[in-house]
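Each value in this text was obtained by applying a stated rule to the coordinates, not by laboratory testing. This one's a predicted model, so the numbers in the text were calculated from it and none came from an experiment. For neighbour counting, all protein chains shown are included, and Cβ atoms are generated from backbone atoms with ideal geometry for every residue, glycine included.
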Amino acid sequence: MEQIVYLNGAYLPLSEAKVSVLDRGFLFGDGIYEVIPWYQGRFLGFNAHIERLQASLQAIHLELPYSAEQWYDLLSPLLDAQSSQYIYLQISRGYAPKRDHVFPASVQPTVFAMSNLIPPFLEREQGIKAVTFEDNRWALCNIKATSLLANVLLKQQAAEQNAAEAILIREGYVTEGSASNVFAVVDGLLMTAPKSSHILAGITREIILQLAQTHQISVSETAISVAQLAQATEVWVTSSTREIVPIIEINGQKVADGKAGSVWQILNGLYQSYKISAS
Ligand SMILES: Cc1ncc(COP(=O)(O)O)c(C=O)c1O
């Protein structure tokens, strides 16, 4: 049976979901999105994802007065209770009859949502390789914008070097990954960049910070310098669909002994339990 998706008030087969070529999402990347994980019948961090969605909408001056309950009712028909899935929800500024950078006077936003399975991430235990690049993205990375060309180019460059993530460096400090936040254990202290317009405030990042604090693991929202990244005993990337993934090699150099570290073992265990109990 064909996948059912949501588009502008209707649930319909994927192949019938059509958007105008004059949609500003297509022409300008003028839109925002969210990715919300769902584990066997419950969302993980639903309210936090909806709050970030509202913040992204506000940041691009797009009004869509749906409450968290309304979003829940809209999205739940796309999910089933048996599997691990994630919702991809995208809102663009919609169709306007003329291509113009300036916002059209009146426009109906395009709202699109679909769900996909979260496949088991087999590399999680063994870890992945990363490479570093200069963070050449714009200065509004806190907005979960659909215009992801810089991230796409960076991740592609990483893939061409057989690495699964690009770690981004701005003025000598790690910002985040091309599609993830970055954590490092330096001198026994777990570190991650503080929230700013240079990173997306990841929901997984927030859960990890809370889990670390409640379990007496020393953690600090402090930017990781390039020198600290090189001497870190553990480096991980985090995101809603890949969860917490150890980085075992950066730019061809092993991180410590090239295996997932002990702090990761603890936090990953805590995250897996939290995922089931709190979703
Ligand atoms: C650039 C960027 N940073 C961080 C994240 C992690 O965010 P979250 O944990 O909310 O999935 C993502 C997720 O896709 C991302 O694209």
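Listed values for the stretch 155-163 are Karplus-derived 3J(HN,Hα) couplings in whole Hz (6.51 cos²θ - 1.76 cosθ + 1.60, θ = phi - 60°), namely 5, 5, 4, 5, 4, 5, 9, 6, 10, and x replaces Gly and Pro.
Where a Cα-Cα gap under 29 Å defines reach, which lysines qualify for residue 144, not counting those fewer than 8 residues away within the same chain? The reachable lysines, counting only those whose Cα sits under 29 Å from residue 144, are 18, 98, 129, 155, 195, 275.
Note on residue 63 and residue 10: their simple-model spin labels are 2.7 nm apart, each label 7 Å out from Cα toward Cβ.
Here the Karplus relation 6.51 cos²θ - 1.76 cosθ + 1.60, evaluated at θ = phi - 60°, turns the backbone of the stretch 134-150 into coupling constants of 5, 6, 9, 7, 6, 9, 10, 6, 6, 7, 7, 7, 6, 6, 10, 4, 4 Hz, with x for every Gly and Pro. Each Lys and Arg contributes +1 and each Asp and Glu -1, all at the Cβ; summed about the Cα centre of the chain, the dipole is approximately 220 debye.
Highest mobility in the GNM of the chain, judged by mean-square fluctuation with C-alpha springs under 10 Å and restricted to 197, 76, 106, is found for 106. Under a 5 Å amide H cut-off, with hydrogens placed 1.01 Å from N, residue 234 pairs with 185 among residues at least 5 apart or on other chains. Taking the Cα centre of the stretch 1-100 as reference, the dipole from Cβ charges on Lys and Arg (+1) and Asp and Glu (-1) amounts to some 260 debye. Close amide H partners of residue 176, meaning residues 5 or more places away or on another chain with modelled amide H under 5 Å apart, are 168.
How far is the Cα center of the stretch 107-130 from the Cα center of the stretch 59-106, in Å? If we compute the Cα centre of each part, the gap is 17 Å.
By average Cβ neighbour count within 10 Å, what is the ranking of 131-137, 2-8, 251-257 from highest down? Can you show the working numbers first?
Working: 131-137: 16.7, 2-8: 15.1, 251-257: 13.3.
Packing proxy ranking, top to bottom: 131-137, 2-8, 251-257.
Couplings for the stretch 252-262, taken from phi via the Karplus curve 6.51 cos²θ - 1.76 cosθ + 1.60 with θ = phi - 60°, read x, 9, 5, 8, 6, 8, x, 10, 4, x, 6 Hz in order; Gly and Pro are left as x. In this structure, the amide hydrogen of residue 261, modeled 1.01 Å from its nitrogen in the peptide plane, lies closer than 5 angstrom to no residue at least 5 positions away or on a different chain. Given a 10 angstrom Cα cut-off, can you work out which residue in 190, 79, 140 is the most mobile in a GNM of the chain? Most flexible of the set in this elastic network: 140.
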